[in-house]
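> Quick one: the structure is below, and I'll ask about it shortly.
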Ligand code: LRH
């Protein structure tokens, strides 16, 4: 059989990549064609995305894929992190540089929103975990601080929608990314007019919702010329939210398994057919995002490797340019269970210096203060694993399940230390892989749309047959 080749453009909050998926009817192979840094940029006191760079890098990835496949590329799909967006004016131009969800302008927004709509009402309408980064809070702060933006905005496009628009000229909001906004009703899969009206937000800027597998359009003629494309290439809506794509590719073993998508964030949960929206799920702050294949991903957004990424950056600034290998080796040698932090504490959202923020937290909580990178890395990994344990216990209560296995996917699978501590501390088996789950989920959704594979179930079997998974059994803690 001839190989079907599709391109996944996957942008995470720290790096982006373009991965070619080659499918022979049974097995999938991946070819990482292009990688780039995707860090936020401070413009004075505000934290933004480098959207133009992202667009240029996406085109660079497509160019490489065209060369590699000799113009034999069946389709392209884009996924990114959640919640962020760009606003277009009535000429179709981007009105301002998109903000990064870690920008501080939403620091005081939550309480203002709750004066208009209660937490309970907001949750029962959306099923979404209350988090400062959510689009709803970003838009509300726009309304109050920069009213001229929303007054003149014609269209809102979430990041993957925006990049799709730059490539095709077509404007849609894809369902999985739209669900991260906390402006969508997950039962009706429609915008919640109640929320827009109550908060005075303009619902008219939202687009028609498309679902994973639908076609967005072809690459427009200008870019076709620029990239010297010989044929039209369709852009397909995938699970444009990276988390949805990652879960789509998770080789979940059975009903007693959870997924843990481990990258800058840790997304820990299970897949459901219908949302769970109850007083208990609100109290525990679980989210019901939309997934690929009409699923709901019931999960908790937790801070993830952001903590160690930021420490690595800070150490480098101080002249200690340590590799992850060196950091992990030092962590392995450090004393176990000496410190513990709440990895989701607000002081870790975007501190100027992460190791300093961790030290301050330890001091304030009357612990001794870690000094060495190895100690800090160890406490981060142990505290993350501790958090996973708590969340699994909450999930068991909320869903009445006994969780026996954790399927870890994403960049975090590279950290053997974190995988092993997760197994040890949660006392559950960890199955790690695929590392590029997000791109794989993106690719599978394109292959379903192209009629190459039947559904997600078949897709996950293909993942199991194509990719080596690593198992970590819990070790006795001494
Ligand atoms: C992970 C993620 C997560 C949240 C956050 C903003 O990359 O998409 O699911 O939405 O980024």
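> I need the Debye-formula profile for region 341-389: one equal scatterer per C-alpha, no solvent, reported as log10 I(q)/I(0) at q = 0.17 1/Å, two decimals.
-0.46
> Using per-residue counts of other Cβ atoms within 10 Å, averaged over each peptide, order 65-72, 258-265, 353-360 from highest down.
On the way: 65-72: 15.6, 258-265: 26.1, 353-360: 19.1.
Put in order of decreasing packing, that is 258-265, 353-360, 65-72.
> Starting from 0 in steps of 10 Å, tell me what percent of the Cα-Cα pairs of region 387-478 lands in each bin.
16, 37, 33, 13, 1, 0
> Where in region 350-369 is the amide nitrogen less than 19 Å from a point lying 7 Å along the Cα-to-Cβ axis of residue 326?
354-356
> Once you have the alpha carbon radius of gyration of the chain, what is it after dividing by 2.2 N^0.38 Å, with N set to its residue count?
Numbers: Rg = 21.6 Å, N = 478, 2.2 N^0.38 = 22.9 Å.
Here the answer is 0.94, to two decimals.
> Between rounded, prolate and oblate, where does region 236-374 land on the alpha carbon gyration tensor, with a ≥ b ≥ c its root eigenvalues, rounded for a/c under 1.5, else prolate if a/b exceeds b/c? Walk me through the numbers on the way to the answer.
Values: a/c = 2.34, a/b = 1.83, b/c = 1.28.
Prolate.
> Taking a point 7 angstrom from the Cα of residue 427 along the C-beta vector, which residues in region 326-351 have backbone N less than 19 Å away?
337
> Still on this model: Per DSSP helix of 4 or more residues, -39500 (n - 2.57); summed, then divided by the residues of the chain. What does that give at 222 nm, rounded to the nearest 500? Mind dumping the intermediate values first?
Details: 18 runs with 187 residues, N = 478.
Value at 222 nm, helices only, nearest 500: -11500 deg cm²/dmol.
> Suppose R0 equals 60 Å; then what is the FRET efficiency for residue 200 and residue 230 from their Cβ-Cβ distance, rounded to the nearest 0.05?
Values: r = 49 Å, r/R0 = 0.82.
Taking R0 as 60 Å, the efficiency between residue 200 and residue 230 is 0.75.
> For the residue pair residue 256 and residue 193, what label-to-label distance in nm results when each label sits 7 Å from Cα along the Cα-to-beta-carbon direction?
4.8
> Could you state the number of Å between the C-alpha centres of region 231-303 and region 423-478?
Between the Cα centres of region 423-478 and region 231-303 lies a distance of 13 Å.
> Here's something else I'd like to know. Quote to one decimal, in nm, the extra length available between residue 94 and residue 353 on full extension: 0.36 nm per residue of separation minus the C-alpha distance between them.
Full-extension gain reported as 90.0 nm.
> Just to be sure I understand the model, the point goes 7 Å from the Cα along the line to the Cβ. What's the resulting residue 118 to residue 396 distance in nm?
In this crude label model, residue 118 to residue 396 measures out at 3.2 nm.
> On to the next question. Where both partners of a DSSP beta bridge lie in the chain, what percent of those bridges are antiparallel, to the nearest 5?
On the way: 50 of 69 bridges.
Percentage antiparallel, nearest 5: 70.
> Mind ranking 146-158, 174-186 by how tightly packed they are, going by the mean number of other C-beta atoms within 10 angstrom, highest first? Could you put the intermediate results ahead of the total?
On the way: 146-158: 17.2, 174-186: 26.2.
So the peptides 146-158, 174-186, ranked by packing, come out 174-186, 146-158.
> Here's another thing I want to ask about it. Using 7 Å Cα-to-Cβ label points, what is the residue 26/residue 154 separation (nm, one decimal)?
In this crude label model, residue 26 to residue 154 measures out at 5.3 nm.
> Compute the FRET efficiency between residue 450 and residue 220 as 1/(1 + (r/R0)^6), taking r as their Cβ-Cβ distance and R0 = 30 Å, and round to the nearest 0.05.
Values: r = 21 Å, r/R0 = 0.70.
E(calc), rounded to 0.05, equals 0.90.
> So how do 99-110, 382-393, 242-253 stack up, highest first, on mean other-Cβ count within 10 Å?
Working: 99-110: 18.3, 382-393: 20.7, 242-253: 27.2.
Ranking, from highest mean packing down: 242-253, 382-393, 99-110.
> Please arrange 42, 361 by how many other C-beta atoms lie within 10 Å of their C-beta, fewest to most.
Final ranking by Cβ density, sparse to dense: 42, 361.
> Let me ask something else. Could you list 348, 36 so that the one with the fewest beta carbons within 10 Å of its beta carbon is first and the one with the most is last?
Details: 348 19, 36 16.
Fewest-to-most Cβ neighbours within 10 Å comes out as 36, 348.
Read-outs: derived from the displayed coordinates by stated rules, not from any lab. Remember, predicted model here, so these are calculated numbers, not experimental data. For neighbour counting, all protein chains shown are included, and Cβ atoms are generated from backbone atoms with ideal geometry for every residue, glycine included.
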